[in-house]
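The values are calculated or read from the model by the stated rules, or taken from the named source; none is laboratory data. As the structure is a computational prediction, the values presented were derived from the model and not from experiment. Positions of Cβ are generated from backbone atoms using ideal geometry, with glycine treated the same way; all protein chains shown enter the neighbour counts.
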Amino acid sequence: MIRFASVIGCLSLAFFAASANRSLADAPNLIRELDNAFVRVYEKVAPSVVVIEADKSAQDGVAEDGPDLSSPDLGRTFHLPDALTHSEASGFIVRKEGYILTNDHAVAGAERIQVRLKDGRILSGRVVGADNKTDIAVVKIEAPNLTAVEFGDSDALRVGQMVGAIGVPFNMDFSFTVGWVSAKGRSQLTPDTMYEDYIQTNAFINPGNSGSPLFDLDGKVVGMNTLINGSVARGLSFAIPSNLCRDVETEIIATGKVVHPWLGITIIDLQKDALLQDHIKGVESGVVVQTIESDTPAYRSDLRPADVITQVDGVAVATGRDLQQQILKKKVGQSVELSVWREGKAMKIALTTAGLPSDLKRVSNTAPPAPAAPSIGLQLQDASPAGAMVTDVAPDSVAASTDIQRQDVITEIDGKPVANAAACKAMLAARDPKKAALLLIDRKGQKRYAVLGK
C-alpha cells in the first residue's frame, strides 16, 4: 500500500506540474480529476478481466508447494493432495462470444480449467489453441454478451507513458496497479520463448498476474503481462505487445494454431560480434547470418553465413529484433527480398518463407567467445568432394574458442574455396596474422561461419 500510495503521489505531482498554468487554488480539483481518471479506467477494464484456475498433473506425481519467485513464471501454484497442481493466473476477454487471452504457460498441460468472472460467475473453459513461441493462448468459455476489452496500438506506445494492470497476484482478485512504460523491445529474457519483444514497465506485477492486461489511461489494452525479472516487486515487469497478441489471437481462433514464417537462419547483430566487425568493412549495422539450417528457405537460396542483412523488402533492419519483426509480418510461402552486404558488395537475395517447425528451439543472439590462445589448434583431413574436415580441435585454442568442432568441413577461407586439407593449412598459414580470417563451415548440412582472431 505504501508503494501504491507513493506512485499515486508522484503521479499527482506530475499531473499538477503539467497543468502549472492553472492556479494553485485548482490543485485539489486537479488531484480529483486524476483520482477520477484512475477510477474510470479501472471500471472500464475490470469487467473484461478474468481469473483462470488450471489443474495440472504434477511431474512424477509430486506437486509444487508454491511458485519459484526467481522464476519469470507469473502463475501461482498450490499443492493438491491428489498429485495435481492448482494454479491461478489472469486473462482478459477479447471477444464477447467468450474468447479469452492468457499466457500459454498458465494453461499448458491443464486437465481442467475454470474461469471466474468479475461478476462472480464461475465457468468451465477450454484451450482453443496456444503458441509456445510467443507464450500466448486462447481460452473459450460459453457465455453470452460478455464485455470485451478495447485494444490499443502497442507500436504507438511511448516510453514514459502511464499504464495500469489488473490481475490476481497472490490470490488477490482484480488487483489494480499503475506505473510507467520503462522501455520497449526487450528480449533475451526467457530460454524457451522464441519471439520476444517485451514492453518493460514498473507497474507492480506478482505471481498470479500472468495473462493480465496492460492498458493505457484510455483503458485500451496495449499488452499482456507475462513475466517478472528476479524476485517479486523489483519494478521490472514485462508484457507482450498487444499487436502481437492480436495477430496470434486471430490466427488461433481461425485455425486453432499458429504457424510462424521462417527463413531457417540463426542471427546476431553485427555490433555484437567484435571479431566479425573487424573483418567486415563498408557496413556499420545490420544482422549477420550465423548459421543456415539444412533444407530450409535460406539453404535453398543464395544466402551464405556471414552475410549481413541490411534490408527486408526495402525496409532497413539494424538488429535481430528488426529482422524478426519484418519476417513475422510476412505470410508462410510469401516471397521476400533481402538486401545483403557480402565481401564489400551489396546484393539482393530472393527467397520464400516456410513454416517454423514446431519443435525448433530459440538460439541465443550472443557473440562467440573471443579467442584465448595464439594457436589455431586444428587437425585436418581431406573432405569429399572438396574442403577440409576437422578431425581434432586442441583445447584452449583459437579454433576451440570460435566453436569449430570435429567433423566440421571448412569450405572457404576469406571468400576463397578450400580444395582439401593441404590447401586449407596453406591458406591459414599464409593469412595476415594481424587480421581475422573468415571461415565458412558445413556442419552436417548446416552452413555456418567462424572467425579466427588475430
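Restricting attention to the range 156-181, the residues that are touching a residue at least 40 places away in the same chain (Cβ under 8 Å) and not acidic (D, E) add up to 17. Beta carbons closer than 6 Å, at least 6 apart along the sequence or on distinct chains, pair a first residue in the range 430-454 that is of a type in the set (S, T, Y) with a second that is crowded, with 16+ Cβ neighbours inside 10 Å for Y449/P305; Y449/A306; Y449/L440.
Look through S358, S384, S339 and report the one residue that is outside any strand (DSSP E or B), at pLDDT 85 or above and not aliphatic (A, V, I, L, M). I'd like the intermediate steps shown before the answer.
Working: S358 fails: at pLDDT 85 or above; S339 fails: outside any strand (DSSP E or B).
Going through S358, S384, S339 in turn, the sole match is S384.
You will find that of G125, G160, G179, the residue that is part of a loop (DSSP other than H, G, I, E, B) and small (G, A, S) is G160 and no other. Which members of the range 163-176 meet the condition of being assigned to a strand (DSSP E or B) and touching a helix residue (DSSP H, G or I) at 6+ places or on another chain (Cβ under 7 Å)? Selection gives G164, I166, S175, F176. Just checking, how many residues over the range 143-173 are in contact with a Leu (Cβ under 9 Å, 6 or more places away or on another chain) and within 22 Å of E251 (Cβ to Cβ)? Within the range 143-173, residues that are in contact with a Leu (Cβ under 9 Å, 6 or more places away or on another chain) and within 22 Å of E251 (Cβ to Cβ) number 3.
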